[in-house]
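Everything below concerns the one structure shown next.
The values are calculated or read from the model by the stated rules, or taken from the named source; none is laboratory data. Quick caveat, the model's predicted, so the values are computed rather than measured. Backbone-built Cβ (ideal geometry, glycine too); neighbour counts: all protein chains shown.
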């Protein structure tokens, strides 16, 4: 397969991260659904290292939002978490509710959701809602009201919002989508988090604004030394800002690799087909992947991609593939595409 | 600025609507041929007297002219003479207004003051035993006939238990006062035994009127809170470390209550409707009793005057509610 | 699944439906079910104001009439009044609202202003005025109720039609050249039908309350008619002694209206796909 021209991209190779900030180990999540139980996540593994920007890539319905919500601790009512561990700095929040409460207090996570308008209450000014986040973050004891206002204004300026004090007085409906998303990024950073989870943060925005927000996000993450989990279906966006890519399909993780390595040559058949299905100038019409995503209530056994996979082997139908490789670079496949030496 | 525009637009329609009401009511009253002159003059009037009476009151003019004269009179606050008491209808209504207003005010107070917290509690504890019990209570509250509930309460508390008086607004003479609200006037004059007497008289009528109103408010508040709890910002705030109680009591409640305001307008309408029969049962000297007596005596002028007056009040309250909604929701500004 | 089938699955709606059916049947077969059918208009003062017993299940009234039997015949009055009044209101108001909502403009505005006039006062107040001037008869009660109820339907259907009109599939139908009547009857009407059905059930309950209030005030069918509201009014004079006399009709009203309300609530759960009552999982994306 052809490789994406890497010129102009901002991806860079990171050294192997020393500590895992977040580790998801063999976690499954079920939802009750009309017609049965949807097995939304199946023994998923994911890791984010200190200061890393990890892209969580997949189509709609692959489970990336569920995984993001699992990490944030806001799964919808009725969801069941089965097995595995979810560790923040080696402390497992799935061990007990008490442990979860303690760990989450010590490890704040910033959340930048897809729809900024839905995240804010229309009845309160922006500044008040930002202040609310600040009030409940770790350093609350030390700030008075004036100090809080100052810190919010500073952060708003850092996300390149013009006239922060005026913005703080406005209501959500008075701002554009791009401005609101900057506000949410600022609010996420106000928590002084070690990790920011961004769930499709640019999907609802105009294309011209998308690039700005992505640049801003990456710049701030590097500057503040904050790790980012960036869930998206847009491979181009992932290529722009992520250090490492994890691809998911139908609730299972497929491949994890550093950005440059991944885009030079993905090894999981699904990831390869996904890359090929991206439109490229001058390359004609892209090829789509035949078939459709599986029903999560009754998913295919073994590797869930096997019905659509051009490299499927009989074993793919019965056994879940093991993850081959290291923590940084691995592919979960019985017949992965052979590795090539990437530039 | 939009607020002023809204008020202006509504104020234009209000007089037209009321005018339409007057015309409607006038037409209703003249559907059945009747002879108000005869009712005024009594059984033994001579023909000459009747003719003179008709001329004096303008009953002998053609209907459109009568309608016009009526409209003009109403604008001047003159709703004609009560065929029964022979005193101006407008004056009679004005005298009785405070009694009904006091009743309505306290009923609304109880309905909202109890209804909203109960609705919120039910929403937060969905499907608990508390929620189910409340459901049963509110469903009955909306199905019970107000006049029957009044009679039941009277039976139980006044006749069997003897804790509240059977009827009336006060045992003796009312306080001389400024507001017309006995509760306020008695307190202002420092007469505490009278105050207690007034409150004991208020208890049952307020309980009767507020019960169905409270049922409606509980249901809508509960639904509103449950609906808002499903909003994304609830999840967002939880993910961002804001405690659930803060999310609920500061943000969810505000969102849910914006919708409740409209319901209060509806509730007020039902309250006025209920007041008619409740005043009849408790012999409460207000507008409702006035309406009922007028019916029994076929006092058309009085009936019509009452209807128009209620129309004015209702329209005013709805306008206030619309204004209140715009004030509460910044999106409208 | 048929409508009846879906209603049967919802226990609340089913309970309401059963009660309504039971009372309707009791009303229809009042002649057979009543222990003293002649007590509707005969009187025997020797048996006046007897407490409930094996002979007189709910006791007797001041004329010696069996209250249970009179209640059964009163059910006829109540149901007939409510059904006709609501049917007339719906049959007038719905088409008006549909037409006005579809061709919004001067016609629609005018119609809504007229509705506003009727809705400027609470329904019972205007109904009292109408019924009082026309005289105490059952037809006048029905007329008064219909005249004061149709504007509610006109206004409701007007608003819903205007909302429906902005739906894309309606725009598509119009763009494809469907005639206005076709769009209104075949597309918009089915879309707003669930709302109408739900409110009809609840409206029947409310109409029963208003009708019995009118009866209580003396504006309903005159004595010796066993109208429930009037029975309560008559019973007042004999409190606290003959408490059963006042209790029985009131309980009957309560049960019947509650049944209509429950049916309406249940229908809402069954018919309205937009109301999701069970939290997010059903509607959540599994992304």
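Of note:
- Residues that are surrounded by 14 or more Cβ atoms within 10 Å (Cβ to Cβ), under 25 Å from the mean Cα position of the chain (by Cα) and free of Cβ contacts under 8 Å to residues at least 40 places away in the same chain within region A:309-323 comprise just one, A:321.
- Of the numbered criteria (1) free of Cβ contacts under 8 Å to residues at least 12 places away in the same chain; (2) within 10 Å of chain B (Cβ to nearest Cβ); (3) crowded, with 16+ Cβ neighbours inside 10 Å, the one residue A:92 fails is (2).
- Considering only residues in region B:154-166 that are assigned to a loop (DSSP other than H, G, I, E, B) and surrounded by 14 or more Cβ atoms within 10 Å (Cβ to Cβ), the one that is nearest to the other protein chains (Cβ to nearest Cβ) turns out to be B:166.
- Options B:318, B:301; residue that is in contact with a strand residue (DSSP E or B) (Cβ under 9 Å, 6 or more places away or on another chain), within 14 Å of chain C (Cβ to nearest Cβ) and either modelled with pLDDT of 75 or more or assigned to a helix (DSSP H, G or I) (or both): B:301
- Some residue of region A:73-80 being within 22 Å of residue A:198 (Cβ to Cβ), within 12 Å of another protein chain (Cβ to nearest Cβ) and at pLDDT below 90: yes
- Candidates in region C:236-248 are the residues that are in a helix (DSSP H, G or I) and more than 8 Å from every other protein chain (Cβ to nearest Cβ); of these, the one that is modelled with the highest pLDDT is C:248.
- For region A:19-48, the set of residues classified as modelled with pLDDT under 90 and in contact with a strand residue (DSSP E or B) (Cβ under 7 Å, 6 or more places away or on another chain) consists of A:19, A:20, A:21, listed by residue number.
- So residue C:134, is it over 23 Å from the mean Cα position of the chain (by Cα), within 14 Å of chain B (Cβ to nearest Cβ), free of Cβ contacts under 8 Å to residues at least 40 places away in the same chain and surrounded by fewer than 23 Cβ atoms within 10 Å (Cβ to Cβ): no
- Residues in region B:102-147 that are surrounded by 18 or more Cβ atoms within 10 Å (Cβ to Cβ) and within 17 Å of the chain's Cα centre (by Cα): B:102, B:103, B:104, B:106, B:107, B:108, B:111, B:112, B:142, B:145, B:146, B:147.
- Residue, nearest to residue C:123 (Cα to Cα), within region C:240-262, restricted to residues that are without any contact (Cβ under 8 Å) to a residue 60 or more places away in the chain and either surrounded by fewer than 19 Cβ atoms within 10 Å (Cβ to Cβ) or touching a strand residue (DSSP E or B) at 6+ places or on another chain (Cβ under 6 Å) (or both): C:254
- Any hit, region B:243-265, residues being at pLDDT below 90, away from every other protein chain (no Cβ under 14 Å), crowded, with 17+ Cβ neighbours inside 10 Å and touching a helix residue (DSSP H, G or I) at 6+ places or on another chain (Cβ under 6 Å): yes
- Apart from one condition, residue A:229 fits all of (1) within 21 Å of the chain's Cα centre (by Cα); (2) free of Cβ contacts under 8 Å to residues at least 40 places away in the same chain; (3) buried (at least 23 other Cβ atoms within 10 Å of the Cβ); the exception is (2).
- Comparison of B:150, B:187, B:215 shows that the only residue that is surrounded by fewer than 17 Cβ atoms within 10 Å (Cβ to Cβ), in contact with a helix residue (DSSP H, G or I) (Cβ under 6 Å, 6 or more places away or on another chain) and part of a helix (DSSP H, G or I) is B:187.
- Test set (1) within 21 Å of the chain's Cα centre (by Cα); (2) surrounded by fewer than 20 Cβ atoms within 10 Å (Cβ to Cβ) - residue C:64 fails condition number: (1)
Condition check ((1) closer than 23 Å to residue B:315 by Cβ; (2) without any contact (Cβ under 8 Å) to a residue 60 or more places away in the chain; (3) assigned to a helix (DSSP H, G or I)) across all residues:
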| residue | (1), (2), (3) |
| --- | --- |
| C:110 | yes, yes, yes |
| C:115 | yes, yes, yes |
| C:128 | yes, no, yes |
| C:143 | no, yes, yes |
| C:146 | no, no, yes |
| C:158 | yes, no, yes |
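- Checking A:247, A:328 one by one, the residue that is touching a strand residue (DSSP E or B) at 6+ places or on another chain (Cβ under 8 Å) and at pLDDT below 90 is A:328 and no other.
- Subset of region A:269-291 (residues that are within 23 Å of the chain's Cα centre (by Cα) and without any contact (Cβ under 8 Å) to a residue 12 or more places away in the chain): A:279
- Filtering region A:142-160 to residues that are closer than 13 Å to residue A:127 by Cα and not in a helix (DSSP H, G or I) leaves nothing.
The rows are residues; the columns are (1) surrounded by 16 or more Cβ atoms within 10 Å (Cβ to Cβ); (2) without any contact (Cβ under 8 Å) to a residue 24 or more places away in the chain; (3) more than 14 Å from chain B (Cβ to nearest Cβ); (4) within 20 Å of residue B:280 (Cβ to Cβ).
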site	(1), (2), (3), (4)
C:188	yes, no, yes, no
C:203	yes, no, no, no
C:208	yes, no, no, yes
C:224	yes, no, yes, no
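- Per-region count, region A:143-160, residues surrounded by fewer than 21 Cβ atoms within 10 Å (Cβ to Cβ) and under 14 Å from residue A:212 (Cα atoms): 2
- Test for residue A:130: is it at negative phi, within 11 Å of another protein chain (Cβ to nearest Cβ) and surrounded by fewer than 20 Cβ atoms within 10 Å (Cβ to Cβ): no
- Failed item, numbered, when residue A:294 is tested on (1) buried (at least 18 other Cβ atoms within 10 Å of the Cβ); (2) part of a loop (DSSP other than H, G, I, E, B); (3) without any contact (Cβ under 8 Å) to a residue 24 or more places away in the chain: (3)
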